[in-house]
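Asker: Quick one: structure below, then a few questions.
Read the figures in this text as sums done on the coordinates, not as results from a lab. As the structure is a computational prediction, the values presented were derived from the model and not from experiment. Every residue, glycine among them, receives a Cβ derived from its backbone with ideal geometry; neighbour counts consider all protein chains shown.
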Amino acid sequence: MKKHKFLHAYTLIEVLVTTALLVSLVGISIPIYQNFQIVNELDSAVNLSVRVLRSAQLQAQSVQLDSNWGIFYSIGKVTIYKGTTYAGRDATQDQVYDIPANVAVSGLNDFIYSKVFGDPSATGTITFTNFTTVKTIVVNSKGALTY
């Protein structure tokens with residue numbers, strides 16, 4: 001008896017179908033990943049800002065270095081500073097944090113927390129925008145944050 005050897009191989013159609021499926025999956029997942037990245041950067045900026053705002057308020061309430069503490073937003077950065085104004089601050093005490101590059105910040109951009117009570121000098125909203133997605137932080141008269 002003769003033994004027949006069968007060679008197993010993929011046909012051209014099978015290779016083309018597999019390639020088409022892979023290309024489709026990649027095509028679908030790229031926009032999903034980009035949207036995830038946009039939302040993640042925005043959430044990161046809001047969470048960073050909440051931490052910075054609370055830190056400045058706590059430093060003012062604990063009368064750290066016997067001073068008021070403030071927050072200043074500039075392009076791509078947020079700064080906690082010691083003093084009653086950003087221009088007249090003690091720059092050696094600055095704590096600077098980077099905000100993701102694709103996130104624009106508007107609204108309240110400079111205010112001071114008072115010593116002992118930690119009340120902010122201004123109230124309102126800080127708005128974070130990343131393309132079409134918007135998130136806000138509301139600062140009330142007692143310094144409480146809503147986001």
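Asker: Cα gyration tensor of segment 69-146, axes a ≥ b ≥ c as square roots of the eigenvalues: rounded (a/c below 1.5), prolate (a/b > b/c) or oblate? Provide the component values of the computation, followed by the final result.
Answerer: Working: a/c = 2.71, a/b = 1.31, b/c = 2.07.
The shape class here is oblate.
Asker: Could you give the distance between the Cα centres of segment 9-29 and segment 49-115, to the whole Å?
Answerer: After rounding, the separation between the Cα centres reads 53 Å.
Asker: Further question: Give the angle, between 0 and 90 degrees and rounded to the nearest 10, that separates the Cα long axis of helix 12-61 from the longest principal axis of the Cα atoms of the chain.
Answerer: 10
Asker: Pick out, from 67, 106, 13, the residue whose Cα sits farthest towards the positive end of the charge dipole of the chain, with +1 on the Cβ of Lys and Arg and -1 on the Cβ of Asp and Glu.
Answerer: Of 67, 106, 13, it is 13.
Asker: Quick check for me: using +1 on Lys/Arg Cβ and -1 on Asp/Glu Cβ, what's the dipole size of the chain about its Cα centre, in debye to the nearest 20?
Answerer: Working: 11 positive and 9 negative charges, 146 e Å.
Using only the charged Cβ atoms, the result is roughly 700 debye.
Asker: In the chain, once you exclude exposed trypsin sites (Lys or Arg not before Pro) (DSSP loop, at most 11 other Cβ within 10 angstrom), what's the longest stretch remaining? Show your work: numbers first, answer last.
Answerer: Values: sites that count: 2, 3, 5, 142.
Longest gap between qualifying sites, sites excluded: 6-141.
Asker: Ok, one more. Take every Cα pair under 8 Å in the chain that's 6+ residues apart, average their separations, divide by the length, and report that relative contact order as a whole percent.
Answerer: Values: 234 pairs, mean separation 29.1, N = 147.
Relative contact order, the chain: 20 percent.
Asker: Give me the orientation-averaged projected area of the Cα convex hull of the chain, in nm², one decimal.
Answerer: Details: hull surface 61.5 nm².
If I average the Cα hull's projected area over directions, I get 15.4 nm².
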